Amino acid sequence: MKNFLIRGILIGGSLGVFGALAGFSDSMPRAFGVGMIAGALAGLTIGLRRRSARNRAEEDRAADR
């Protein structure tokens, strides 16, 4: 799950900077920070969903035996 979190932080921060450059925010550091927080939450969500999907697949395989 660590890779999802790091990737989410980097992508979110980048999108925040692009948003600031496009004029959606007055402050670039604030846009970068908000983007990083949103990216971290997105990465955490993706990691948790993949983990639960993997656990369900293992339970299904165990039940088939």
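The values are calculated or read from the model by the stated rules, or taken from the named source; none is laboratory data. Computed from a predicted model, the values in this text were never measured in an experiment. Positions of Cβ are backbone-derived with ideal geometry, glycine not excepted, and every protein chain shown enters the neighbour counts. Just the protein is used for accessible areas: all its heavy atoms, side chains included, with ligands, DNA and RNA removed. Shrake-Rupley method; radii C 1.70, N 1.55, O 1.52, S 1.80 Å.
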Practice task
Assuming R0 = 25 Å, can you tell me the calculated FRET efficiency for the pair residue 48 and residue 11, based on Cβ-Cβ distance, to the nearest 0.05?
Solution key: 0.90
Practice task
Calculate what fraction, in whole %, of the accessible area of the chain sits on carbon and sulfur atoms when a 1.4 Å probe is rolled over the protein chains.
Solution key: 62
Exercise for the section: Please state, as a whole number in µm²/s, the translational diffusion coefficient that the Stokes-Einstein equation yields for the chain at 10 °C and 1.306 mPa s, with Rh defined as the Kirkwood radius across alpha carbon pairs. Expected result: 122
Completion exercise
Taking Cα pairs closer than 8 Å and at least 6 residues apart, the relative contact order of the chain in percent is 39
Exercise for the section: Keeping all protein chains in place, calculate the accessible area per residue for the chain (probe 1.4 angstrom), answer in Å². Expected result: 79
Problem - Alpha-carbon centroid distance for the pair segment 1-25 / segment 49-65, whole angstrom - result: 32
